[in-house]
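Below is one structure, written out as structure tokens; comments come after it.
The values are calculated or read from the model by the stated rules, or taken from the named source; none is laboratory data. It should be emphasised that the depicted structure is a prediction, and the values quoted were computed from it without experimental measurement. Cβ placement follows ideal geometry from the backbone for every residue including glycine, while neighbour counts extend to all protein chains displayed.
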Amino acid sequence: MNILELSHVSKAFGSRQIIRDLSLSVPEHTIYGFIGQNGAGKTTTMKMILGLYTIDHGTITVNGEPVKYGGNATNRMIGYLPDVPEFYSYMTPSEYLFLCSEVTGMEKKVIRERSEELLCLVGLEKENKRIRGFSRGMKQRLGVAQALLNNPKLLLCDEPTSALDPLGRRDLLKLLQSVKERTTIIFSTHILSDVERISDEIGLIKDGTLALSGTTEELRALRKSDGFEIEFRNNTDAERFAGLCDNAKRPDCLVLFFENQGEREMKRAMEQLSQQGIVPRRIELREPTLESLFIETIEKKSGHTDGGEQG
Amino acid sequence: MRQLIAFTKKEYLELWRNGRLTLFGILFLLFGIMNPALAKLTPWLMEQMADTLSEQGMQITSVTVDAMSSWAQFYKNAPMELLIFVVLSSGILTGEYQKGTLIHMLTKGLGRHTVLWAKGLALLGTWTLGYWLCFGVTCAYTAYFWDQSVLTHIGLGAALVYLAGVVLISLILLFSVVLSTGTAVMGAVLGLAAVSYLLAVIPKAAEYLPTYLLSAGGLLSGAMEPSDFLPAVLVSLGITFTSVAAGTVLFRKKTI
């Protein structure tokens, strides 16, 4: 069953069309990576799902219920984690989660237990100080706890890793992966390695429309330009070896790239290197990345102009 | 109802922890003490200034102060109390837009009307506590120093000024929905109060304006009757209910 469905959704701010006839569906218990450049319409889409923006055309349903602007019925099924979550700084994490629980209408007897469980999950169980003194990473973890508080059927994460350092990013991605069994996650970002690491399905938004969608593997398979790369220790070795191969590109004076060549060709090149007595600094099989596909798609559609800063 | 109680509690916790409740308490307590104190000190002050005034050709003979002097001071200070209250309270909702703290609450399913009403209850509670503290202190000291039995409608007069505060609270709520910064809200509320003062120069209009409530001191000396305030009370109640209702409807449509 699909937890979220967008059907022919459009949204404009004044004369600027941000979302154009966008349709997508997200099955339950998946991590859906929602990618696109800055200004492609990711945040606008999320805010429409949350009923914070009006929908000009089309419909959005969450678990079968239509989203209404300014309404709160569907939001009871949603957890939301923005890029930089802001809290009441004079509260402690426990007090904040208690307030959220009351607002959500959770039963009083389970509030304490649930808050403790979530603070433990995000590693804030020992933090009794007020949120005022929290680092960005700690705020993001508290953001995850509040978003999961009401056992949401759908967790919307809007660029949750963009403001974090590499360690913070790694921890947050692990955390999101760990809650996949409990909920469905929509994860918007422009950091493609993050999406590639945790997403089951990916949708690429460009100029307000879905330019690409499918499972991570399906999208990777669309990219055919596999190859391998050899980095030499000096220019002489690179020159010598380049003279033996007629199908190598040379993106750098020390690097040779063999486009559309797989493992078999790489083994053969290794044998040749051995015969010539050349020891390279590095030899690497290049997997097709989402980034290359992303750039290819964006470039293909570059006939359109970008939508500005509207996320 | 549970959401309203929870969010109102949060508002009071915020007022307490950011020190605003204490600040209001201290300010209103000071005003409460100042009213009878100024009345009590007036003869002494005039005596100190007598020489300077006589040089300017003014002769001070004798100054008599009584309970009415203390209450006159109470009514003179009321606009200042209202001004301070508006200045300190006008960012109560717009501060949440600016910080982005409301998003989590709304996306948790908190009704927008609940947010507005909880803010209103927090302001009303603060105004009620502060104002009646000021009234209580003034009343107690005045009764201690002078005979108040000659005065009439002390409670009713105070209630009319209290109502003026309630009108301002409803306007703070309405403008907080329409505008996006605390300064703009403050400007709009005070601007409207200024317009009300200006309109009061038209004799027939004066008694219908909420600012007329601030002249309730006239009830104590018997110069005015309670019925004189009926039009201003009705208009004030009308403005209050209309502002809250309009704010509630408009807040549902506001982009946050």
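The one condition from (1) touching a helix residue (DSSP H, G or I) at 6+ places or on another chain (Cβ under 6 Å); (2) within 14 Å of chain A (Cβ to nearest Cβ) that B:THR126 does not meet is (2). Condition check: closer than 14 Å to A:LYS206 by Cα and assigned to a loop (DSSP other than H, G, I, E, B). Does A:GLN17 satisfy that? So A:GLN17 fails the test. Flag not set for A:ILE55, criterion: hydrophobic (A, V, I, L, M, F, W, C), touching a helix residue (DSSP H, G or I) at 6+ places or on another chain (Cβ under 6 Å), closer than 14 Å to A:THR209 by Cβ and assigned by TED's automatic domain parsing to the domain that holds A:ALA211.
Restricting attention to the stretch A:27-39, the residues being in contact with a helix residue (DSSP H, G or I) (Cβ under 9 Å, 6 or more places away or on another chain) and not aromatic (Phe, Trp, Tyr) number 5. Please verify whether the stretch B:34-49 includes one or more residues that are of a type in the set (Lys, Arg), within 11 Å of chain A (Cβ to nearest Cβ) and in contact (Cβ under 8 Å) with a residue 12 or more places away in the chain. Checked against the condition, which is being of a type in the set (Lys, Arg), within 11 Å of chain A (Cβ to nearest Cβ) and in contact (Cβ under 8 Å) with a residue 12 or more places away in the chain, the stretch B:34-49 yields no hits at all.
For every residue, the table says whether it meets (1) within 14 Å of chain A (Cβ to nearest Cβ); (2) β-branched (Val, Ile, Thr); (3) under 30 Å from B:ILE103 (Cα atoms); (4) without any contact (Cβ under 8 Å) to a residue 40 or more places away in the chain.
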residue	(1), (2), (3), (4)
B:GLU207	no, no, no, yes
B:TYR212	no, no, no, yes
B:GLY217	no, no, no, no
B:ALA223	no, no, no, yes
B:PHE251	yes, no, yes, no
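Of all residues in the stretch B:87-103, those satisfying the criterion of being among the β-branched types (Val, Ile, Thr), touching a residue at least 12 places away in the same chain (Cβ under 8 Å) and either in contact with an Asp or Glu (Cβ under 7 Å, 6 or more places away or on another chain) or surrounded by 19 or more Cβ atoms within 10 Å (Cβ to Cβ) (or both) are B:ILE92, B:THR94, B:ILE103.
A single member of B:ILE154, B:ILE172, B:ILE202 is of a type in the set (Val, Ile, Thr) and at pLDDT 95 or above, and it is B:ILE172.
When the stretch A:117-168 is examined, which residues are found to be of a type in the set (A, V, I, L, M) and either more than 22 Å from the chain's Cα centre (by Cα) or farther than 19 Å from A:GLY33 by Cα (or both)?
Across the stretch A:117-168, the qualifying residues are A:LEU118, A:LEU119, A:LEU121, A:VAL122, A:LEU124, A:ILE131, A:MET138, A:LEU142, A:ALA145, A:LEU149, A:LEU167.
Go through the stretch B:206-238 residue by residue and tally those that are loosely packed, with under 13 Cβ neighbours inside 10 Å and either touching a Leu at 6+ places or on another chain (Cβ under 7 Å) or under 16 Å from B:TYR75 (Cα atoms) (or both). Number satisfying all stated conditions: 2. Where strands (runs of 3 or more DSSP E) sit wholly within the stretch A:127-234, those with at least 3 residues that are under 25 Å from A:ARG286 (Cβ atoms) occupy A:201-206, A:209-215, A:227-231. Give the residue that is farthest from the chain's Cα centre (by Cα), with candidates limited to residues of the stretch B:204-256 that are aromatic (Phe, Trp, Tyr) and assigned to a helix (DSSP H, G or I). In this case the residue turns out to be B:PHE251.
Consider the stretch A:61-84 and keep the residues that are under 19 Å from A:THR44 (Cα atoms) and at the interface with chain B (Cβ under 7 Å from one of its Cβ atoms). The one that is surrounded by the fewest Cβ atoms within 10 Å (Cβ to Cβ) is A:GLY70.
For B:THR64, are the conditions met, namely being polar (S, T, N, Q) and within 14 Å of chain A (Cβ to nearest Cβ)?
Details: polar (S, T, N, Q): yes; within 14 Å of chain A (Cβ to nearest Cβ): no.
No, not satisfied.
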